[in-house]
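K.L.:
Structure incoming, see below.
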Amino acid sequence: MNKILSQQKRIESIDILRGIVMVLMALDHVRDYFHIGANVDNPLNLDTTTPLLFFTRWITHFCAPVFVFLSGASIYLQSLRKTKKELSVFLIKRGLWLIAVEFILISFAWSFNPNYQFIFLQVIWAIGISMLILGLCIRLPYAVILTIGLLIVFGHNLLDYPEAAPNLQAGFWWDLLHHSRFSVYPYWNNHAAIIAYPFLPWTGLMMLGYCTGIYFTSSVQPAHRRKILLRLGLAVIGLFIVVRFINLYGDPVAWSTQKNILFTFFSFINVNKYPPSLMYMCVTIGPALLVLAWIENIQNRFTNIMRTYGRVAFFYYILHIYLIHLLSAIAFLSRGHSFSDATNTGNIFPFYFVAPGEGYSLGIVYAVWLFVVILLYPLCRWYDQYKTAHKEKWWLSYL
């Protein structure tokens, strides 16, 4: 009985953290569609940003890496219930399914373009291809998977040096692997793919998440697990501070002294997400490990709500993009635009019902974000209850 309770509590801590980052993710996506500065300037541009705008964007850096890392940990927990063959087949099939969903459902949610002029390779694509690769590697010994993950995460920034060459022409496969920063590749009759998430670093991070899952087994006592997570989290944060301060490796963009102490600090923590640098992963995963250690003993209304979002994360992810874009379309039309204006975006801008340079203040962005999160909660709670009551339905494991 104690092992069962420990297992349940452990899984809840993962779900709570996953729910927190999913809620934060919605903030960034609302900003994309509603903020007046979205699509015209980078909110992390230290020459033009404000502290609140910088924080609004930067805090959402935690979302993708924590989600990928926790996906890896959850896969390890699945390995306790499945044979290697069963888990390999499941991961390959689920990876292919996620890639298909990214191309079909999520690309349309982002663009609202029924002609699919643009296909987006973003976080769900990265998770899908990483699951597929992990599914192929799952029969390898634990130590080998850990070694591969460490080599990728700690070593992939060596590729920054050749990629910094002024005459580099990366090409599709290199962009897909590591280099791309929203590279656009036409593939057929005025249609193109946009590579936002090169997969190599994300695959390495998922492998490390998988290996960290060993600390969430019932054989590890909660107090010992918290001690391990605390030490790991502090070590990763310490690594970030030291390596980032040295300013020679770990991120393609060096930090520099700015106009004041606050903006110098912003420069220090302003790390590269596309692709995710070693410093980016350290500054996000380190605190995430501390939160995992902290929330295991906390149970209140907030954690219960976050756990619900975390248990149905993929369901929530799809719904929240459609809802945010729908609200953006309503706001676009309410400003006097027509449907013709909404779809006349040219061959470069990929989003319908969005006008660069138009939008609202950060106060409105935060209000819409809270509205979206609150509105989706009853649906997420219903779906969570449905999944719990229908565990025999195999297809639920894919949504």
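K.L.:
Assess whether Leu136 counts as being of a type in the set (A, V, I, L, M), surrounded by 15 or more Cβ atoms within 10 Å (Cβ to Cβ), touching a helix residue (DSSP H, G or I) at 6+ places or on another chain (Cβ under 9 Å) and not in a strand (DSSP E or B).
P.N.:
no
K.L.:
Here are some conditions: (1) assigned to a loop (DSSP other than H, G, I, E, B); (2) out of contact with any Pro (no Cβ under 7 Å at 6 or more places or on another chain); (3) surrounded by fewer than 19 Cβ atoms within 10 Å (Cβ to Cβ). Val40 meets all but one. Which one does it not meet?
P.N.:
So Val40 meets the others, but not (2).
K.L.:
Is segment 268-277 home to any residue that is at pLDDT 95 or above and in a helix (DSSP H, G or I)?
P.N.:
So far as segment 268-277 goes, yes, one or more of its residues are at pLDDT 95 or above and in a helix (DSSP H, G or I).
K.L.:
Right, here's the next one. Here are Ser13, Ser71: which of them is modelled with pLDDT under 95 and either under 22 Å from Val312 (Cβ atoms) or surrounded by 18 or more Cβ atoms within 10 Å (Cβ to Cβ) (or both)?
P.N.:
Ser13
K.L.:
Restricting to segment 229-248, name every residue that is buried (at least 16 other Cβ atoms within 10 Å of the Cβ) and in contact with a Leu (Cβ under 9 Å, 6 or more places away or on another chain).
P.N.:
Across segment 229-248, the qualifying residues are Leu229, Leu232, Gly233, Val236, Ile237, Leu239, Phe240, Val243.
K.L.:
Going by what's in this entry, would Ile145 be described as in contact (Cβ under 8 Å) with a residue 40 or more places away in the chain, assigned to a helix (DSSP H, G or I) and within 17 Å of Pro275 (Cα to Cα)?
P.N.:
In short, no.
K.L.:
Let me ask something else about it. Please state which of the following conditions Thr257 fails to meet, knowing it meets all the rest: (1) outside any helix (DSSP H, G or I); (2) surrounded by fewer than 13 Cβ atoms within 10 Å (Cβ to Cβ); (3) modelled with pLDDT under 95.
P.N.:
Only one criterion in (1) outside any helix (DSSP H, G or I); (2) surrounded by fewer than 13 Cβ atoms within 10 Å (Cβ to Cβ); (3) modelled with pLDDT under 95 is unmet by Thr257, namely (3).
K.L.:
Regarding segment 245-253, can at least one residue be identified that is more than 30 Å from Thr50 (Cα to Cα), in a helix (DSSP H, G or I) and at pLDDT 95 or above?
P.N.:
Taking every residue of segment 245-253 in turn, none turns out to be more than 30 Å from Thr50 (Cα to Cα), in a helix (DSSP H, G or I) and at pLDDT 95 or above.
The values are calculated or read from the model by the stated rules, or taken from the named source; none is laboratory data. Just so it is clear, the structure is predicted and the values come from calculations on it, not from any experiment. Reconstructed Cβ throughout: ideal geometry from the backbone, glycine too, with neighbour counts over all protein chains shown.
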